[in-house]
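Engineer: Dumping the structure here so I can ask a few things about it.
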Amino acid sequence: MEQIKIVEIFQSIEGEGRNIGLPMIFIRLEGCNLRCLWCDTKYSYDNENYTKMSLNEIINKVNSFKNIKHITLTGGEPLYNKGVISIINNLIDKYNILIETNGTIWNDELEKFDFNKIYLVCSPKPKEYFIHKKILEYCNELKFVIDKDIIFDTIFSIIKKSSKKVKITFQPENNKVEFLKKATLLQNKFLEIDIEIRVIPQIHKLFNIS
Ligand code: SF4
């Protein structure tokens, strides 16, 4: 029986991106292919904080949260964990699936799913900001963390390669005022070339919730 490494499954509100505020079930899968300096979920890939769960155990846990219609698959990097396909396969008929990815990995098996029921959010990571071409094709939302290093040209080069449907979101790093100012300056600069970008905080960090 397939066993999938899961760090945690919990209910909360979506704290980031355009689905902000929705009641959400989070499935945090174990593992990540990157090691970002400012990562706040290092426990998801330290090889200690996971439980091997069968699909039935995962489904039973998810079903224990009543009336919630949305699931976020997160990590770590959820697409790094091969179990992600079985999880989507078993939950997509009942739930809207949101995948929160760093954009560097693609799994061809994803293409068998109805992407009307999958909302793919990519948060590209410095320094390379590499995004797999399939992620660019399917991505619904590009979410940029606005920190001291990110520049207009980096963001623009990614937007240019993305599909037309993609929405762009800026989130000031750690909700710092200096980065909110930078985000609004960049927002105005993109507006000059008719690209609309939404600037929003990370509300789970504002209120210190999981
Ligand atoms: S991709 Fe995400 S989970 Fe992985 S190291 Fe970077 S911030 Fe952490």
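Engineer: How much length is gained if the chain between residue 153 and residue 196 is pulled fully straight, taking 0.36 nm per residue apart and subtracting their Cα-Cα distance, in nm to one decimal?
Structural biologist: Extra length from residue 153 to residue 196 when fully extended: 13.9 nm.
Engineer: Can you give the Rg to Rh ratio of segment 16-125, both from alpha-carbon atoms, with Rh computed by the Kirkwood formula?
Structural biologist: Across segment 16-125, the Cα-based Rg/Rh ratio is 0.93.
Engineer: If you take the C-alpha gyration tensor of segment 2-51, multiply each eigenvalue by 5 and take the square root, what semi-axes do you get, largest first, in whole Å?
Structural biologist: Taking √(5λ) for each Cα gyration eigenvalue gives 21, 16, 8 Å.
Engineer: Okay, moving on. Of the DSSP beta bridges with both residues in the chain, give the percent that are antiparallel, rounding to the nearest 5.
Structural biologist: Taking every DSSP beta bridge within the chain, about 30 percent pair in antiparallel fashion.
Engineer: May I pose another question? Of all the Cα-Cα pairs you can form in segment 133-205, what percent are over 13 Å apart?
Structural biologist: Value for segment 133-205: 64 percent of Cα pairs lie more than 13 Å apart.
Engineer: What is the Cα centroid distance between segment 71-119 and segment 156-210, reported in whole angstrom?
Structural biologist: Between the Cα centre of segment 71-119 and that of segment 156-210, the gap is 24 Å.
Engineer: What FRET efficiency would be calculated for the residue pair residue 174, residue 116, taking the C-beta separation as r and a Förster radius of 22 Å, to the nearest 0.05?
Structural biologist: E between residue 174 and residue 116, to the nearest 0.05, is 0.05.
Engineer: Would you report the distance distribution of C-alpha pairs in segment 67-188 as whole percents per 10 angstrom bin, up to the bin with the largest distance?
Structural biologist: Final binned percentages: 12, 43, 31, 13, 1.
Engineer: Next question. Greater than 24 Å separation of Cα atoms is the criterion. Which listed pairs, 143/181; 66/94; 112/133; 42/133; 69/127; 143/164, meet it?
Structural biologist: Flagged as over cut-off: 42/133; 69/127.
Engineer: Something else: Would you kindly state how much longer the chain becomes between residue 189 and residue 56 on full extension, computed as 0.36 nm times their sequence separation minus their alpha carbon distance, in nm to one decimal?
Structural biologist: My answer for the length gained is 43.0 nm.
Engineer: Still on this model: At residue 47 and residue 89, where each label point lies 7 Å from the Cα along Cα→Cβ, what is the point-to-point distance in nanometres?
Structural biologist: About 2.8 nm, to one decimal.
Engineer: Another question, if that's okay. Reachable aspartates and glutamates from residue 160, Cα under 14 Å, same-chain residues fewer than 8 places away excluded?
Structural biologist: Those aspartates and glutamates meeting the cut-off are 137, 141, 194, 196.
Engineer: Based only on the alpha carbon positions, what is the Kirkwood hydrodynamic radius of segment 3-206, in angstrom?
Structural biologist: For segment 3-206, the Kirkwood estimate is 17.5 Å.
Engineer: Output ³J(HN,Hα) for segment 195-209: one whole-Hz value per residue in order, computed from phi by the Karplus curve 6.51 cos²θ - 1.76 cosθ + 1.60 with θ = phi - 60°, and x for Gly and Pro.
Structural biologist: Result, rounded to whole Hz: 10, 8, 10, 9, 9, 9, x, 9, 6, 5, 7, 4, 9, 6, 10.
Every read-out reported here was derived from the displayed coordinates using simple, explicitly stated rules and does not represent laboratory data. Everything numeric here is computed off the predicted structure, so don't read it as measured data. FYI the Cβ positions are ideal-geometry reconstructions off the backbone, even for glycines, and counts take in every protein chain you see.
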